[in-house]
Amino acid sequence: MINIAKGTQDLLPEVTSDWQYVENKLREIAQNYNYKEIRTPIFEHTELFTRGVGGSTDIVQKEMYTFTDKGDRSITLRPEGTAPVVRSYIENKMHGYANQPIKLFYEGPMFRYERKQKGRYRQFVQFGVEAIGAEDPAIDAEIIAMVMDIYQSFGLKKLKLYINSIGDIDSRSEYNKALVEHFKPSIEEFCSDCHQRIDTNPMRILDCKKDREHPLVKSAPTIYDYLNDDSKQYFEQVKLYLDQLGIDYEVDTNLVRGLDYYTHTAFEVMSDAEGFGAITTLCGGGRYNGLLEMLDGPNETGIGFALSIERLLLALEAEGIEIEHDDALDLFIATLDEDSKQYAVQLLHRLRKAGIRADTDYKSRKLKGQMKQADRERAKYTIVLGENEIKNQQVKLKDMNDGGEQIIELSSLTDELKERLS
Ligand code: ATP
Ligand code: MG
């Protein structure tokens, strides 16, 4: 027997209705904020990610599914959505569109070679949004408001929003110098990844999962002291908008996102529900002012976030929120013999074309077995077709909810059901 690949999962019919519900709601909310869907390929040239995500990140160093295709090109299964969306923005010259910023959302599988644990898969589904082509604190606030709106609209309450500013590129480089001075003398006490980070991207030491308890991480200088006036003012305005929208947040000066191209606003939403498990990050996002130029694009800026549906579902479970869905059958047709079965097939076809969810028995079960099947499908109505029903062109329509029965002409069954179901 061949088993499923590690870190992936089959979504069985028992859970796909939850997924559909979540996906529909995400789309609906994105549209309320006037974000439109973009679909980019599942694989891209590897260079898009090594350049666009950054060589010092875990994603590029350890997590990419990279292979050489038959044309000798290096191809990578997308590990995240921002670089592909920005590539598409540049390639399709969206900066030339009249309405800026371009507001996009995407939804689809991402691939990262990671150690499997609760809430961490090798294939997972991200929903993300990007607003590209405007540098305005109001857009940053809009994006953050939208994330919180999303989680709250599912009924989640145990949420924490952390925000930070990592400043513009000048502030960052001053800060990085200070971090090198702070960590360099004791870098031997840190993990091997941090040995590299001190040279490639010192800010990421603050983000290290292994060394987070090291006293030097706690005593590290904060970005706040290195923000220049423009960066400070930008951050103040983002916070002011959030205050005006009544959105609670906490400033976490150690919050540096894992990706290299972030500037200014960075944020994360965590769940503090009991039972969520070790990983509590639901969503991450931030502003990327250097990315477009890094990908040979125009001098435009963007901001976005990404969340995974897997972790959203985990949060719902942790808070005991059940998703209601309507996948019950409208009508089950039980049949008594071969002739009524033949009749049922035609009747079903008409009902389904009229938009009624209907089904019948295909295993020649006895009537009792067929009724059990109808129960398992939570059928709202049932009819039993036999010789008499077909001869008289009448059936007893049974309401499975209250057990009530009514004789209906077969010719008006569709209309009767449509009326009762509406
Ligand atoms: P983490 O610190 O958990 O590894 P990350 O910094 O790698 O997260 P991002 O690249 O910012 O995460 O991705 C955005 C969101 O995607 C995360 O907040 C999380 O909800 C989700 N996510 C990331 N990796 C996975 C994964 N392997 N499985 C499921 N969801 C994931
Ligand atoms: Mg990760």
Where a residue in the stretch 165-177 is in contact (Cβ under 8 Å) with a residue 60 or more places away in the chain and in a helix (DSSP H, G or I) and its partner, wherever it lies, is open to solvent by 30 Å² or more (accessible area, probe 1.4 Å) and of a type in the set (Phe, Trp, Tyr), with Cβ under 6 Å and at least six apart:
Ser171/Tyr226
Has the stretch 92-99 got any residue that is within 12 Å of ligand 1 (Cβ to nearest atom), in a loop (DSSP other than H, G, I, E, B) and on the phi > 0 side of the Ramachandran plot?
no
With respect to Ser56, is the statement that it is at pLDDT below 95 and farther than 24 Å from Glu142 by Cβ true?
yes
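Can you find, within the stretch 39-62, the residue that is most open to solvent (accessible area, probe 1.4 Å) among those that are among the basic types (Lys, Arg) and either away from ligand 1 (no atom under 16 Å from the Cβ) or within 20 Å of Glu130 (Cβ to Cβ) (or both)? I'd like the intermediate steps shown before the answer.
So the first thing to find is which residues in the stretch 39-62 are among the basic types (Lys, Arg), and the list is 39, 51, 62.
Cutting the leftovers down to either away from ligand 1 (no atom under 16 Å from the Cβ) or within 20 Å of Glu130 (Cβ to Cβ) (or both) gives us 39, 51.
On the way: Arg39: 188, Arg51: 86 Å².
Per the criteria, the residue is Arg39.
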Are any of the residues in the stretch 77-88 crowded, with 20+ Cβ neighbours inside 10 Å, modelled with pLDDT under 95 and either within 16 Å of ligand 1 (Cβ to nearest atom) or of a type in the set (D, E, K, R) (or both)?
no
Is it fair to say Glu91 is among the acidic types (Asp, Glu) and within 30 Å of Gln152 (Cα to Cα)?
no
Ala379 in a helix (DSSP H, G or I) and either in contact (Cβ under 8 Å) with a residue 40 or more places away in the chain or surrounded by 12 or more Cβ atoms within 10 Å (Cβ to Cβ) (or both):
no
Arg51 being out of contact with any strand residue (DSSP E or B) (no Cβ under 7 Å at 6 or more places or on another chain) and not small (Gly, Ala, Ser)
yes
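Find the residue count for the stretch 116-135, including only residues that are closer than 15 Å to Thr265 by Cβ, away from ligand 1 (no atom under 16 Å from the Cβ) and touching a helix residue (DSSP H, G or I) at 6+ places or on another chain (Cβ under 9 Å).
Summing the residues that are closer than 15 Å to Thr265 by Cβ, away from ligand 1 (no atom under 16 Å from the Cβ) and touching a helix residue (DSSP H, G or I) at 6+ places or on another chain (Cβ under 9 Å) in the stretch 116-135 gives 3.
Is one or more of the residues making up the stretch 397-410 assigned to a strand (DSSP E or B) and open to solvent by 100 Å² or more (accessible area, probe 1.4 Å)? Working first, answer last.
First, pick out the residues of the stretch 397-410 that are assigned to a strand (DSSP E or B): 397-399, 405-409.
Next cut, open to solvent by 100 Å² or more (accessible area, probe 1.4 Å) only: 405, 407.
For the stretch 397-410, residues assigned to a strand (DSSP E or B) and open to solvent by 100 Å² or more (accessible area, probe 1.4 Å): present.
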Give the residue that is farthest from Pro41 (Cα to Cα), with candidates limited to residues of the stretch 88-140 that are small (Gly, Ala, Ser) and within 16 Å of ligand 2 (Cβ to nearest atom).
Gly119
Can you tell me which residues in the stretch 132-142 are under 15 Å from Tyr234 (Cα atoms) and either part of a helix (DSSP H, G or I) or not small (Gly, Ala, Ser) (or both)?
Glu135, Asp136, Pro137, Ala138, Ile139, Asp140, Ala141, Glu142
Quick one: is Ile187 of a type in the set (A, V, I, L, M), open to solvent by less than 90 Å² (accessible area, probe 1.4 Å), in contact with a His (Cβ under 7 Å, 6 or more places away or on another chain) and at pLDDT below 95?
yes
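Go through the residues of the stretch 158-165 one by one and say whether even a single one is over 30 Å from Thr8 (Cα atoms), open to solvent by 10 Å² or more (accessible area, probe 1.4 Å) and out of contact with any helix residue (DSSP H, G or I) (no Cβ under 6 Å at 6 or more places or on another chain).
No, there is no match, as no residue in the stretch 158-165 is over 30 Å from Thr8 (Cα atoms), open to solvent by 10 Å² or more (accessible area, probe 1.4 Å) and out of contact with any helix residue (DSSP H, G or I) (no Cβ under 6 Å at 6 or more places or on another chain).
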If I ask for residues that are open to solvent by less than 40 Å² (accessible area, probe 1.4 Å) and within 16 Å of ligand 1 (Cβ to nearest atom), which ones from the stretch 218-259 would you list?
Leu255, Val256, Gly258, Leu259
Selection from the stretch 63-76 of residues surrounded by 10 or more Cβ atoms within 10 Å (Cβ to Cβ) and away from ligand 2 (no atom under 15 Å from the Cβ) yields Thr66, Phe67, Thr68, Arg73, Ser74, Ile75, Thr76
Can you tell me which of (1) in contact with a Gly (Cβ under 8 Å, 6 or more places away or on another chain); (2) touching a residue at least 60 places away in the same chain (Cβ under 8 Å) is the one Tyr226 doesn't meet?
(2)
Positions within the stretch 100-119 being under 17 Å from Leu314 (Cβ atoms), open to solvent by 40 Å² or more (accessible area, probe 1.4 Å) and part of a strand (DSSP E or B), in sequence order
Gln117
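The values are calculated or read from the model by the stated rules, or taken from the named source; none is laboratory data. This is a predicted model, so every value here is computed, not measured. Positions of Cβ are generated from backbone atoms using ideal geometry, with glycine treated the same way; all protein chains shown enter the neighbour counts. To get the accessible areas, we keep the full protein, side chains included, count just its heavy atoms, and leave off ligands, DNA and RNA. Shrake-Rupley method; radii C 1.70, N 1.55, O 1.52, S 1.80 Å.
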